[in-house]
1. Please list, short to long, the whole-number percent of alpha-carbon pairs of the chain in consecutive 20 angstrom bins beginning at zero.
2. Karplus couplings for the stretch 23-29 from phi (6.51 cos²θ - 1.76 cosθ + 1.60, θ = phi - 60°), rounded to Hz, Gly and Pro as x?
3. Could I have the simple spin-label model distance between His533 and Lys302, label points 7 Å from Cα toward Cβ, reported in nm to one decimal?
4. With contacts defined as alpha carbon pairs under 8 Å and 6 or more residues apart, what's the relative contact order of the chain in percent?
5. For Lys534, which aspartates and glutamates qualify as cross-link partners when the Cα separation must be under 19 Å and same-chain residues fewer than eight apart are set aside?
6. Roughly how many percent of the accessible protein surface of the stretch 225-366 is carbon and sulfur, given a 1.4 Å probe and a whole-percent answer?
7. Answer with one residue from Asn294, Ile265, Ala353: the one whose Cα lies farthest towards the positive end of the charge dipole of the stretch 253-384, charges on Cβ with Lys, Arg +1 and Asp, Glu -1.
8. To the nearest 0.05, what FRET efficiency results for Lys554 and Glu512 with a Förster distance of 56 Å applied to their C-beta separation?
Amino acid sequence: MMIERAKRELLAKKNKEVINKAFPDIYKLIQKTRSPVRVLFEKEGLDAELGGVRIYGGDAYKASMQQVERFKAIKPRINNYVEIEMPPDRKEVIAFKYGRLLCEKTGRRFEPVDFTETGHIPLLFSVGLGFGVHIQKLIEEFLVQNLIVVELPHFIHLSLYYLDWAKLIEYFSKPGRNLFIYIPPEDYHQKDPDEVFEPLIGFFKDTNPALLYYGYYFVHLNYNPPLDPVSWIREHPKFRELHYGYLDDRLWSLEWTIEKIYKEIPLYFGGFPVPENTPAFVVGAGPSLDKTINSIKENKDKAIIISCGSAITALENAGLKPDIHVELERTKYTYDILSEVNKDFLKGILFIAVNPVWTECFELFDEAYMVSKSRDIAEYLFAPLGAPIIRNEGPTVTALGVSVAAELGFKNIYLFGVDLGSKYPENHHTRLSNYYNSKSMLSKVEPPSFNMKVRGNYGGEVYTNFYFAETAYHIGLTAKIKKLRLFNLSDGMYIQNSIPLEPEELDFELAENIDKVLVLDIIRQNFRRGYSHKINIRDVLSQIMQDIEGFITKLRAINPREIKEPENLVRLSLEIPELMRSLNSITMNLLYPNTYQWSVSLLGYGLRQNSRELSEFIGFFLKVYVEFLTEAKESVRNIYDRFFSSTVH
């Protein structure tokens, strides 16, 4: 007993030295934490005690080995299966063209591969480390290629007494392997889960988000209060956003942003917030606008009215002119819809849109202004100039309306027609809008499908879909970050951090009319010209083409015949994004959506192949990817030629 304890304490001392070199932050945490969890050296073996309760029931090794056997029997996957969408059959869109080629080869649905048969675990996500018995056993029995461990500060010291940290670090130092240990704050249960688990997103950004779809999770310790990072990262919008977009969408943004730069569309720089307590009405085209339009009319002089997207057609039909109109969608379709609005009605409205919006939209308004969209070319062209990025602005336009209002300094924001769903699926938009006008292009738009049920703003349930639910998430996040008083008068889905308010409860009777001329003049001061000369577009485009060519050269150096085993495949799935991330940030912004999306198919199909089939598939995949990049480069060349084949812009 005494000898065993001495051995464990000696191991703990060595482990501290190893951790101090490899993970100095973890070492400092161990040193400063006064843990209530006590290590027990029992006759039966190691155990730990918290509040008088033995965590492992007397024998940590035995309890952990039982967990391992259950894990092998149940094989709990982070995602039970993966199903991807077949891209549209539009060969003129580069991403769709090559995405379909890949999808036709691999199929759309990928079933799990049994790691007990292959001996290979692409990703293991362990909730709890404890003494580390289960980790040591699993990496001895299986090839665990990527390991994420989430452990609380009061428990991390337990691993010192069993786990061989030197061997663990050596194991994951080999090419194609990764070890990520995340220690949340001890008061995690009192914090927002988004704040607590955000670092986990960083791991996938630095490796490949596709790994998550082929990972397994192991719950080693059941914490009180519960700690469930697996569900958070599996379901959270921030993870899904890593797969958003496609090459052509980003190329359009690049080209149309350059158009606006040469036109010197005033860009948002901020610095002039609206007067404190000025209310803003953000108006969407949800069905409940039919019931609240009169409330807006009655109080139109007491707030700045911001219409979002197609809501402008409803306001026109109701005879109510907004002060500001915002747009998010970048296609010409946005221009076509706005062109249906009477030109006299548009006069005097301040138009504010994100940089990728169709440039001619800006010409429909007397005053048009541009804001910088997040996860877009603007992050790399405008942010270095000091232009703030508008975040949480999508995926649908009402999120932009709230984000813009908050960015301009409005703290009291009222939502009208921001239903983001409906109690009755057949009621998808307000009857005031042109969706119900047979002469309008909006009437030809296929109504949104509602395949989810969520909590309603006024109780009960409403029907919605993924994009509307994500919009609600981003609106709620803006409310939280900007510390808004966000009142929701929409009879749709509930929005976090908002205050449900019935229309009859809107009490502006004693409020004075605001000085709209003054407020709008302050808003104008936030936008400036004179920035175009600070951006060298010629160099930007030249660098992108140079980057893509260098990327192609490195990909062509990969020998598919050397990739015969699952470990080689996963390593390739990490190396390709790593090469991409080494490029100029603008080039990476163009390429990462399809790179990450196609990695899902690369792994899903490749992990099921034998050695010969895998090599052949890798050859096919690299050929498709290189051809995709070649066309991407040619598209950038076309943009370059458009702006620099003559001196006229």
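1. Bin by bin from 0 Å, the calculated values are 17, 43, 32, 8, 0.
2. 9, x, 5, 5, 4, 4, 5
3. 4.9 nm
4. Numbers: 1128 pairs, mean separation 93.6, N = 649.
Reported relative contact order: 14 percent.
5. Candidates past the 8-residue exclusion: Glu255, Glu259, Glu264, Asp376, Glu379.
6. 47 percent
7. Going by the Cα projections, it comes out as Asn294.
8. Details: r = 65 Å, r/R0 = 1.16.
E(calc), rounded to 0.05, equals 0.30.
The values are calculated or read from the model by the stated rules, or taken from the named source; none is laboratory data. Treat the numbers as computed from the prediction; the structure is a model and nothing was measured. Cβ atoms come from the backbone with ideal geometry, glycine included; neighbour counts cover every protein chain shown. Keep in mind that these areas ignore ligands, DNA and RNA; they rest on the heavy atoms of the full protein, side chains included. Shrake-Rupley method; radii C 1.70, N 1.55, O 1.52, S 1.80 Å.
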